[in-house]
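Single-structure report; data block below.
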Amino acid sequence: MEKQEKIVALYVRVSTEEQAREGYSVENQINRLKDYASFQGWNNLSIFADEGESAKNMNRPALKQLLRLIKQGKVSVVLTIAVDRLSRNLLDMLQFVELCEKHNTTYICASQNFDTSTPMGRMVLQILAAFAEFERSMIAARVKSGMFELADKKKRYLAVPPFGYQFDQHQNLQIVAEEAAWVSKAADMFLLGYGYRAIAQWLNESKVCTRKGAFWSSSTIRQMLTNELYTGKLIWNRRYLDKRGQICWRDPEKWVVKEQAHPPILTEEQWNAIQARITRSLPKGGQRQAKHRLSGLLICAYCGAKMISRPYSSKGPHKIRKIFVCQ
């Protein structure tokens, strides 16, 4: 059986910021790489394109497909227009070159006219990759500074508006009256003792969808009832992603908090009452918790959720009496 010829991989990438930049369109990159490959006399070309993808890491659909083929020994050459098309992270670039060397694949940058099959090419690659990483860090710093100013000085919300709000022509939050009515009703139901699941079921039965057009669930109801945005307050810079990509919380003194940044849907009284119910006192670690024989066995006839035990009253002659309610 004849051995299959290895491919010459033409990898192209554009991010959303670069799609309008002259010389960086996908079509332009492909045409230039094809011309380079034709000049070299290479055949069996395969195109791998990632559109609207950042170079901050290697987690891109087309690139992951290319990496799999390299590991399978099916790629002879990887060709890009510039180093930053492949990655702006020096460590990722060095690991990519090491992978190529391990599987007899050569990486070539057409515009800088070097390849990693030579010691000089590898040295130039490391220098260019370091500059690409530096440029990405500078861009990220400028973007973060601009977003911080928008949130701090102009009280601008910097994410997708939640259910109940939309952007006006000036990118400020304004209330969507019909959606806001559902938010307010959900808050009232919660304060009357209804649980997340019961509220979600009620919204679904009322043919109300989330902003993404999906059904409501316990988690989406909880997210709505714990979002300070509904009180007219804007809080930014609370969380960040660490090097492992995990969400971490900053110290509260570093948060950007703006009161009355937009029209509220819930009052401060409603918000405080909701949070008081959510964070009501629970047994702490090591404390003895009460046992109830029917806990987890009784099912609510209305919503199907399991029922839990709680005191009948916080004061008076019946405060030691226990009853079961829907969670």
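Give me the net charge for the shell around Val12: Cβ to Cβ below 10 angstrom, other residues only, Lys and Arg +1, Asp and Glu -1.
Its environment carries a net charge of 0.
Across the Cα atoms of segment 191-230, what radius of gyration and what greatest pairwise Cα-Cα distance (Dmax) are found, in Å?
When restricted to the Cα atoms of segment 191-230, Rg and Dmax are 10.0, 28 Å.
What figure, in Å² to the nearest 10, do you get for the accessible area of Phe324 with a 1.4 Å probe and non-protein molecules left out?
Surface accessible to solvent at Phe324 totals approximately 60 Å².
Give me the net charge for the shell around Gly41: Cβ to Cβ below 13 angstrom, other residues only, Lys and Arg +1, Asp and Glu -1.
Within the 13 Å Cβ shell, the charges total 0.
Say R0 is 25 Å: what FRET efficiency, to the nearest 0.05, do Asn172 and Lys64 get from their beta-carbon distance?
Using R0 = 25 Å, I get an efficiency of 0.05.
How charged is the neighbourhood of Phe163? Take every other residue with its Cβ under 12 Å from the Cβ of Phe163, and add Lys/Arg as +1 and Asp/Glu as -1.
0
Which entries in the list Lys212/Lys306; Lys233/Lys322; Lys185/Lys212 go over 30 Å, if you measure between the two C-alpha atoms of each?
Lys233/Lys322
I need the phi-derived Karplus couplings for segment 270-277: 6.51 cos²θ - 1.76 cosθ + 1.60, θ = phi - 60°, integer Hz, Gly and Pro marked x.
Values per residue, Gly and Pro as x: 4, 4, 5, 5, 5, 5, 5, 6 Hz.
State whether segment 31-78 is rounded, prolate or oblate according to the following rule on the C-alpha gyration tensor (a ≥ b ≥ c being the square roots of its eigenvalues): a/c under 1.5 gives rounded; otherwise a/b larger than b/c gives prolate, and the remaining case gives oblate.
oblate
Report the extension gain between Lys102 and Ile323 in nm, rounded to one decimal, defined as 0.36 nm multiplied by the number of residues separating them, less their alpha carbon distance.
Taking 0.36 nm per residue and subtracting the Cα distance, the gain is 72.8 nm.
The values are calculated or read from the model by the stated rules, or taken from the named source; none is laboratory data. These numbers were taken from a predicted model, which means no experiment stands behind them. So basically every Cβ, Gly included, is an ideal-geometry build from the backbone, and we count neighbours across all protein chains shown. Heads up: the accessible areas ignore ligands, DNA and RNA and are worked out on the full protein's heavy atoms, side chains in. Shrake-Rupley method; radii C 1.70, N 1.55, O 1.52, S 1.80 Å.
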